[in-house]
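Asker: One structure, as structure tokens, below. Some questions next.
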Amino acid sequence: MAQRTINIGAAANDGTGDKLRIAGDKINDNFTEVYADVAGKAAASHTHATSEVTGLDAALASKVDDSQLSAFGATLINDADASAARTTLGLGTAAVLSTADIDERARDAVAAMTADSATIDVTYDDGADTIALDVIRAALKPTETILIAVGDETTAITTGTAKIKFRMPYAFTVTAVKASLGTTSSSGIPTVDINETGTTILSTKLTIDAGETTSTTAATAAVISDASLADDAEMTIDIDVAGTGAAGLKVYLIGYRT
């Protein structure tokens with residue numbers, strides 16, 4: 001409907017304008033159309049670019065400092081969905097694994113760890129590796145040291161087999177062996193052998209150089225030939241060379257429970 005205009009005449013009270021009832025009718029018609037139009041716009045959904053709202057772009061620009069937003073941050077903000085954001089962040093499938101998926105992979109890893117196998121295949125999002133299980137087992141188990149005193153602190157050690165006997169308290173994997181003295185040998189190189197049920201576990205024996213108190217500084221390092229010691233195995237310590245005046249001998253088995 002076109003706007004209805006009230007005729008107010010050429011001059012006040014000249015009798016040429018609309019009568020009061022007709023003027024009121026025009027007013028009602030105009031307001032009816034206005035109310036209908038406003039109600040229709042309120043019920044409708046409208047989308048407008050920020051540029052269509054006078055001053056809005058300038059107001060937003062004053063609140064956002066583009067210099068504080070890196071190129072990477074801008075890329076992340078522009079990602080269309082969570083999947084695209086994970087790709088931008090470099091997150092793999094592990095980021096969306098369900099609890100059931102994680103439990104299954106954990107069970108597989110435990111099964112592989114306890115199985116009688118040397119390696120485990122590990123798959124990543126960007127490739128795969130074959131890892132030696134001994135490396136993983138060693139990483140997961142704390143290092144322990146079993147210390148054996150071979151004689152007292154003052155009596156000079158002498159050569160002989162099975163100078164001391166003991167049994168392994170549990171199955172043990174040996175990663176290193178050491179020996180120390182309370183009193184050094186003035187001459188000769190004290191040499192020690194370690195045996196499991198009568199068979200040496202060393203292809204190169206433990207030695208402590210003359211004038212030294214530890215095998216750590218020995219010119220020739222010990223070499224382990226049998227690292228796996230059985231639970232309750234009988235262990236013996238031999239002194240192949242005693243040196244001169246050496247005393248307070250200790251032997252150390254270093255490793256982890258198998």
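The values are calculated or read from the model by the stated rules, or taken from the named source; none is laboratory data. Note that the structure is predicted; figures quoted are calculated from it, not measured. No Cβ is skipped: glycine too gets one built from the backbone with ideal geometry, and neighbour counts run over all protein chains shown. Just the protein is used for accessible areas: all its heavy atoms, side chains included, with ligands, DNA and RNA removed. Shrake-Rupley method; radii C 1.70, N 1.55, O 1.52, S 1.80 Å.
Asker: Tell me which of these T258 doesn't satisfy, since it passes every other one: (1) modelled with pLDDT of 95 or more; (2) open to solvent by 10 Å² or more (accessible area, probe 1.4 Å); (3) under 27 Å from K141 (Cα atoms).
Answerer: (1)
Asker: Filter region 232-258 down to the residues that are under 15 Å from V177 (Cβ atoms) and either among the aromatic types (F, W, Y) or not in a strand (DSSP E or B) (or both) and list them by number.
Answerer: Y252, Y256
Asker: When G188 is evaluated against the numbered criteria (1) open to solvent by less than 30 Å² (accessible area, probe 1.4 Å); (2) in contact with a Gly (Cβ under 6 Å, 6 or more places away or on another chain); (3) at pLDDT 95 or above, which criterion, by number, is the only one it fails?
Answerer: The number of the failed condition is (1).
Asker: Residues in region 191-210 that are surrounded by fewer than 19 Cβ atoms within 10 Å (Cβ to Cβ) and farther than 15 Å from K250 by Cα: how many?
Answerer: Total meeting the criteria: 9.
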